[in-house]
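Report on the structure given below.
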Amino acid sequence: MKKIIYIDMDGVVSDFDKGRENSPLRYTSPYKGRPDRIPDIYKDLEPIEGAIRAVNKILNHSDFETFFLSTPPWDNPDGWKHKRLWIEKYFGKAARHKLILSSRKDLNIGDYLIDDSNHRGQGLFRGEWIHFGSDKFPNWKTVMDYLKIT
């Protein structure tokens with residue numbers, strides 16, 4: 001039986017922090033302190049170093065069923081669309097119908113959740129939370145080593 005892996009987007013595969021820092025609107029109202037509201041913020045985010053290669057290996061691994069699990073920006077509906085288009089741009093057909101948008105990640109059933117945040121139920125996830133960016137999992141190499149994917 002395949003193990004189910006959920007992979008967060010922002011801060012795990014897409015570089016939201018860099019997108020925020022590069023936005024000329026980041027310090028203006030109503031976006032100051034709420035960069036998720038910046039128009040088109042999700043549209044052209046750069047990938048996190050090593051993410052595309054690593055996630056493609058996971059997507060194509062016979063032991064895993066893989067999904068992207070991302071929190072949608074409620075006050076920026078275009079962000080929902082841009083997240084979907086971003087996944088298609090970088091992962092193509094392998095990621096078709098593999099995007100789940102939810103603000104409660106603990107409601108999903110699976111074996112692993114690769115996520116950088118603990119603000120949407122990640123700590124309550126019933127499988128194993130791989131805390132991306134933590135001391136134990138600072139990058140994609142450590143995640144892949146842990147999952148024993150070469």
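The values are calculated or read from the model by the stated rules, or taken from the named source; none is laboratory data. If you're wondering where the values come from, they're calculated on a predicted model, not measured in any experiment. Positions of Cβ are backbone-derived with ideal geometry, glycine not excepted, and every protein chain shown enters the neighbour counts. In case anyone asks, the SASA skips ligands and DNA or RNA and just uses the protein heavy atoms, side chains included. Shrake-Rupley method; radii C 1.70, N 1.55, O 1.52, S 1.80 Å.
Which numbered condition trips up Asp106, out of (1) closer than 28 Å to Ser23 by Cβ; (2) free of Cβ contacts under 8 Å to residues at least 40 places away in the same chain; (3) among the acidic types (Asp, Glu)?
Among (1) closer than 28 Å to Ser23 by Cβ; (2) free of Cβ contacts under 8 Å to residues at least 40 places away in the same chain; (3) among the acidic types (Asp, Glu), the lone unmet condition for Asp106 is (1).
Anything in segment 1-38 that is of a type in the set (D, E, K, R), closer than 18 Å to Lys83 by Cβ and touching a residue at least 60 places away in the same chain (Cβ under 8 Å)? List them, or say none.
Let us first name the residues in segment 1-38 that are of a type in the set (D, E, K, R), namely 2-3, 8, 10, 15, 17-18, 20-21, 26, 32, 34, 36-37.
Now drop any that are not closer than 18 Å to Lys83 by Cβ, which leaves 8, 10, 15, 17-18, 20, 34, 36-37.
Matches in segment 1-38: Asp8, Asp10.
Taking the condition part of a strand (DSSP E or B) and open to solvent by less than 80 Å² (accessible area, probe 1.4 Å), does Leu25 pass? Can you show your working first?
Values: part of a strand (DSSP E or B): no; open to solvent by less than 80 Å² (accessible area, probe 1.4 Å): yes.
No, not satisfied.
Return the pairs, sorted by first residue and then second, in which the second residue is among the hydrophobic types (A, V, I, L, M, F, W, C) and open to solvent by less than 50 Å² (accessible area, probe 1.4 Å), the first residue lies in segment 39-57 and is within 11 Å of Lys18 (Cβ to Cβ), the beta carbons are less than 7 Å apart, and the residues are 6+ apart or on different chains.
Qualifying pairs under 7 Å: Leu45/Phe16; Leu45/Trp86; Pro47/Val13; Ile48/Val12; Ile48/Val13.
Taking segment 127-150 only, how many residues are over 15 Å from the mean Cα position of the chain (by Cα) and in a strand (DSSP E or B)?
The number of residues fulfilling the criteria is 1.
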